[in-house]
Amino acid sequence: MSLALAAPAPVEPFALRIGHAYAAPAALLLALIYIVPVSVLIWLSLTDYTLGAVDIRFLGLDNFSRALADPVFRRSITNTFAYVAIVLPGGVLLGLGAALLVHRRIRSRSLWEVIYFLPVTSTLIAMATVWQFLLHPRLGPVREITLALGLGEVAFLSDPALVLPTLAAIGIWQLVGFNMILFLAGLSAIPRDLYEAAALDGASGGIDRFFRVTWPQLGPTTMFVTVTTSITAFKVFDTVRVLTEGGPAGASEVLLYVIYLEGFQYFRIGYAAALTLIFLAFILAFSILQAAALDRRIHY
Amino acid sequence: MAAIGLERICKSFGGTRVLRDVTLAIRDGEFLTLVGPSGCGKSTLLRIIAGLERQDSGSVTIGQRRVDGVRPSERGVAMVFQSYALYPHLTVARNIATPLEMQRLTLLERLPLLRLLSPRRRRIMRGIMAEVEAVAAALQLEGLLGRKPAELSGGQRQRVALGRAMVRRPDAFLMDEPLSNLDAKLRVHMRGELADLHRRLGATFVYVTHDQTEAMTMSDRVALMLEGRIEQLGTPAELYDAPRTLAVASFIGSPPIACIPVRLEHEALVAAGTRLALRAIPDAAILGLRAEAVTPVRHGTPGALPARLSRAENLGAEWLLYATLEGPAPTPVVCRLTAAAHDAARDAGLLGERLWLLPDPARALLFDAEGRRLVAAPLRTRIGAMA
């Protein structure tokens, strides 16, 4: 009796086994989906493995130092950030604006929801081809508009200064519907009482209602939308692959496209693995930064 | 301070008529309670006064002014919501300050970021904060001004909501079930605080509740609403002692009034075969007996109704005896006795499993078959009618 009190009772072996058995499925899935692939990725990034090669040399951190000095890779980072810098505010603000407009509609609301959501459901590769036609400087319908505006023929996809904004506009077009649905869910969750209290307090104009009630109440939704939008934008690939292949002259080479070229065109798997790790680090930093920044303001 | 007048207010939602021709004059400075079961239209009526809902027909006056079509914030009323409806992202101080910010700052000075450009704003905000602190002190919220609503208890949030209403010095306070989210003990406490606040401010209070205890304890007058109409308007005592209908008598009072079917036989009232010692009134169909309107008596007392005791509750200062009247239609009856009266009755052997209950003629209420209360005509007119 006194012994048992002196030391903490050891866990019964049977109970321990049961506990492990319960944890096993989740642990196994976690290992299969995340831990093993990332471990392999880390190991590959330290080697000079190329697809089909028989022998592998261990390089240490050589791949990473090479990447940081690689002008193509550095340009792709700049391009990607420029792309995100357009898509993030555009996608979030237009999504919010569409949600605010659609939320007021009563009978036509589901119609507008479907219209805005259609681009999300469509295959971007197929849609990219449509955009290619629309924006074609000689054949596309957009040409008529630019001519009417007196801008002449605009080579949206082959002018180095225009190619990233054009791709970003397509990216926004694809994201707005999804963000709108998220904002609509957020708007529906705002208690009506708050708007009524605001009306009695004198905040009955649209601007006051928005800044007193709607915007603060949408805080958690906005954070979620910002994080998902920036990650989606960071992962831009399909439109680049189909429309520009990184051109003209590398003006639209983005991070994921460079990784794709290294890994699947040049088969330099080890180097591509190192770039992928850098890419993952960016995504992680993005999420942590935004969560931390917005966290302070949205927890009531 | 202002009187509030409601003139023939009607309101329907879809096909449902929620308010049917409600006319009500609320006096300047009075505490008036709208009470009734859920769905009786009391909240809708309050929201129409506030301007949050528009009536289909009829008009609302506040003070001497017709306010139909006037914005809620310009009606000179403040409202306290059941959910308190505090801005969760603002501190207690800013929550209370909101109505004043809306009144005194320009739109540009209220906008985020842009407001930092205005030097005038800082001066005005200092003035507002001084008023906020005065209100907070009156509500014992001084230490909490920097907190967010989520960090407050239910009672504290309630007081912040009151503070936000008080800071504008409104002519009238509208309260929509403000105590129903509080626990029982706090509710009793806040009842006292609200009554106290009403005395201090002297403003008109319109208070909506489904809880008859709140209605009876705080109000100058009570308007009992049923199915979109005001069934009776009067002081709490009038509603309790002189209900106009059986519905009012059943809603007001706890434990509920007993409703005993009666018949008129040979100029006397008969209930379940017993001749009652009450003055008979033509058309009497139902005898209403509140718990204090019956007393246990010895077997054989004329007019006493036989009953079976089902349980007895000791509330300390008084007892409640729950019994069922014997007869073809068993009717529940409750009898309220002071502790001393209970002990005396018990010692006299009156509280067996079977007991006899004698209605008090001064307190018994009689209703006709439609539920209208019957009042015995004064003696002189009866003589005149007989002659």
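Every number in this text was worked out from the coordinates using simple rules, so none of it is lab data. Keep in mind that this is a model prediction, so the values were computed, not measured. Cβ coordinates were reconstructed from backbone atoms using ideal geometry, including for glycine residues, and neighbour counts include every protein chain displayed.
Most exposed first by the Cβ proxy, i.e. fewest other Cβ within 10 Å, how do A:164, A:134 rank? Walk me through the numbers on the way to the answer.
On the way: A:164 22, A:134 14.
Sorted ascending by nearby Cβ count, the order is A:134, A:164.
Please give every one of the aspartates and glutamates within straight-line cross-link reach of residue A:235, meaning a C-alpha to C-alpha distance under 19 Å, and leave out same-chain neighbours fewer than 8 residues apart.
Partners found: A:245, A:253, A:262.
Mind checking the log10 I(q)/I(0) for segment A:156-197 at q = 0.24, 0.25, 0.35 Å⁻¹? Debye, one equal scatterer per Cα, no solvent, two decimals.
Here the Debye-derived log intensity ratios amount to -0.79, -0.81, -1.03.
Work out the mean other chain Cβ neighbour count within 10 Å for the residues of A:186-193 and drop it here as an integer.
On the way: counts 0, 0, 0, 0, 0, 4, 3, 9.
For this peptide, the per-residue mean of nearby foreign Cβ atoms is 2.
For residue B:254 and residue B:346, FRET efficiency with R0 = 30 Å and r from the beta-carbon atoms, rounded to 0.05?
Working: r = 24 Å, r/R0 = 0.80.
The value I calculate is 0.80.
Which whole-number percent of Cα pairs in segment B:16-59 have a distance greater than 17 Å? Don't skip to the end; give the middle numbers.
Numbers: 307 of 946 pairs.
Value for segment B:16-59: 32 percent of Cα pairs lie more than 17 Å apart.
In degrees from 0 to 90, rounded to the nearest 10, what is the angle of the helix B:154-166 Cα long axis to the longest principal axis of chain B?
That helix lies at roughly 70 degrees to the long axis.
What spacing in nm lies between the two simple spin-label points modelled at residue A:114 and residue A:85, each 7 Å away from Cα in the Cβ direction?
Calculated label separation equals 4.1 nm.
For a quick size check, give me the Cα extents of the protein assembly as shown along its three principal axes, largest first, whole Å.
So the three principal-axis extents are 123, 83, 49 Å.
When ranked by the protection proxy of mean other Cβ atoms within 10 Å per residue, highest first, what sequence do the peptides A:17-24, A:256-263, B:62-69 form? Show your work: numbers first, answer last.
Working: A:17-24: 10.2, A:256-263: 21.1, B:62-69: 14.5.
With the highest mean Cβ count within 10 Å placed first, the list reads A:256-263, B:62-69, A:17-24.
At 7 Å along the Cα-to-beta-carbon direction for both residue A:287 and residue B:38, put a label point, then send me their distance in nm to one decimal.
A separation of 4.2 nm, rounded to one decimal place.
Note down the magnitude of the dipole of the protein assembly as shown about its Cα centre, charges +1 on Lys and Arg C-beta and -1 on Asp and Glu C-beta and zero elsewhere, to the nearest 20 debye. Working shown, then result.
Numbers: 70 positive and 58 negative charges, 270 e Å.
Rounded to the nearest 20 debye, it is 1300 debye.
Grab the Cα-Cα distance for residue A:43 and residue A:158, subtract it from 0.36 nm times how many residues apart they are, and report the gain in nm with one decimal.
On the way: separation 115, 0.36 × 115 = 41.40 nm, distance 3.89 nm.
Going from the current span to full extension adds 37.5 nm.
Find the percent of Cα-Cα distances in segment A:42-91 that exceed 18 Å, and round it to a whole number. Spell out each step's value before the answer.
On the way: 646 of 1225 pairs.
That tail contains 53 percent of the Cα-Cα pairs.
For helix B:119-138, what angle does its Cα long axis make with the longest principal axis of chain B, in degrees from 0 to 90 and rounded to 10?
For helix B:119-138, the angle is close to 30 degrees.
In nm, give the distance between the simple-model label positions of residue A:231 and residue B:292, each being 7 Å from the Cα along the Cα-to-Cβ direction.
Result for the modelled spin labels: 6.8 nm.
How long are the three semi-axes of the equivalent ellipsoid for chain A, computed from the Cα gyration tensor as the root of 5 times each eigenvalue, in whole Å, largest first?
On the way: eigenvalues 331, 268, 54 Å².
In descending order, the three semi-axes are 41, 37, 16 Å.
Just to be sure I understand: of the beta bridges DSSP finds with both ends in the protein assembly as shown, what percent are antiparallel, rounded to 5? List each step's numbers first, then the result.
Working: 58 of 76 bridges.
Just about 75 percent of them are antiparallel.
Can you give me the Rg/Rh ratio for segment B:148-190, using Cα atoms for both radii and the Kirkwood formula for Rh?
Working: Rg = 11.2 Å, Rh = 11.3 Å.
A ratio of 0.99.
Starting from the Cα of residue B:42, draw a straight line to each of the lysines and keep only those under 28 Å, dropping any in the same chain fewer than 8 residues away.
Once the sequence-local lysines are set aside, what remains near residue B:42 is B:11, B:185.
If you count, for every residue in A:207-214, the Cβ atoms of partner chains within 10 Å of its Cβ, what is the mean?
Working: counts 3, 6, 0, 0, 3, 7, 4, 0.
Shielding by partners across A:207-214 averages 3.
From the alpha carbon gyration tensor of segment B:230-347, can you work out the equivalent ellipsoid semi-axes (sqrt of 5 times each eigenvalue) and give them in Å, largest to smallest? Walk me through the numbers on the way to the answer.
On the way: eigenvalues 108, 92, 29 Å².
Semi-axes, largest first: 23, 21, 12 Å.
Ratio to report: Rg/Rh of segment B:17-164, with Cα atoms as the point set and Rh obtained by the Kirkwood method; give two decimals.
Working: Rg = 18.0 Å, Rh = 17.7 Å.
In segment B:17-164, Rg relative to Rh is 1.02.
When the helices in chain A are scored as -39500 (n - 2.57) per DSSP H run of 4 or longer and the sum is shared across all residues, what 222 nm value do you end up with, to the nearest 500 deg cm²/dmol? Please report the intermediate quantities before stating the final value.
Working: 14 runs with 199 residues, N = 300.
Roughly -21500 deg cm²/dmol at 222 nm, from the helical runs in chain A.
For segment B:352-374 and segment A:172-193, what is the centre-to-centre distance using only Cα atoms, to the nearest Å?
Centre-to-centre distance over Cα atoms comes out at 61 Å.
Report, largest value first, the span of the C-alpha coordinates of segment A:1-152 along each principal axis, in whole Å.
Computed over the Cα atoms, the extents are 93, 58, 27 Å.
Hey, could you pull the Cα Rg and Dmax for segment B:290-384, both in Å?
Calculated on Cα positions, Rg and Dmax stand at 15.5, 50 Å.
In chain A, which whole DSSP H runs stretch at least 27 Å along their own axis (Cα) and average -1.0 or higher on the Kyte-Doolittle scale? Please list the in-between numbers first.
On the way: long enough: A:71-104 (50 Å, 1.09); A:163-188 (38 Å, 1.75); A:269-298 (43 Å, 1.63).
In chain A, the long hydrophobic H runs are A:71-104, A:163-188, A:269-298.
For chain B, just list the percent of Cα-Cα distances falling in each 20 Å bin from zero outward, please.
24, 44, 25, 7, 0
Once every DSSP H run of n ≥ 4 in chain B is given -39500 (n - 2.57) and the sum is divided by its residues, what mean residue ellipticity at 222 nm do you get, rounded to the nearest 500 deg cm²/dmol?
Values: 11 runs with 113 residues, N = 387.
Helix contribution divided over all residues of chain B: -8500 deg cm²/dmol.
Quick check: Cα centre of segment B:1-61 to Cα centre of segment A:78-129, how many Å?
One Cα centre to the other: 44 Å.
What span do the alpha-carbon atoms of segment A:170-259 cover on each of the three principal axes, reported in whole Å from largest to smallest?
Principal extents (largest minus smallest coordinate, Cα): 60, 19, 16 Å.
In Å³ and rounded to a whole number, note down the convex hull volume per residue for the Cα atoms of segment B:71-138. All intermediate terms of the calculation are to be shown ahead of the outcome.
Values: hull volume 7.5 nm³, N = 68.
Expressed per residue, the convex hull around the Cα atoms of segment B:71-138 is 110 Å³.
Scattering from the C-alpha atoms of segment B:131-218 alone, worked out with Debye: what is log10 I(q)/I(0) at q = 0.12, 0.15 1/Å?
The Cα Debye sum returns log10 ratios of -0.35, -0.56.
Give me the inter-chain shielding for B:87-100: mean count of other chain Cβ atoms within 10 Å, whole number please. Before the final figure, lay out each step's value.
On the way: counts 10, 9, 10, 3, 0, 0, 0, 0, 2, 0, 1, 8, 6, 2.
Partner Cβ neighbours, averaged per residue: 4.
Take the Cβ-Cβ distance between residue B:315 and residue A:31 as r, set R0 to 60 Å, and report the resulting FRET efficiency rounded to the nearest 0.05.
Numbers: r = 65 Å, r/R0 = 1.09.
After rounding, the FRET efficiency stands at 0.40.
Quick one: if the Förster radius is 41 Å, what FRET efficiency do residue B:270 and residue B:23 give, using the C-beta to C-beta distance and rounding to 0.05? Could you put the intermediate results ahead of the total?
Numbers: r = 41 Å, r/R0 = 0.99.
My answer for the efficiency is 0.50.
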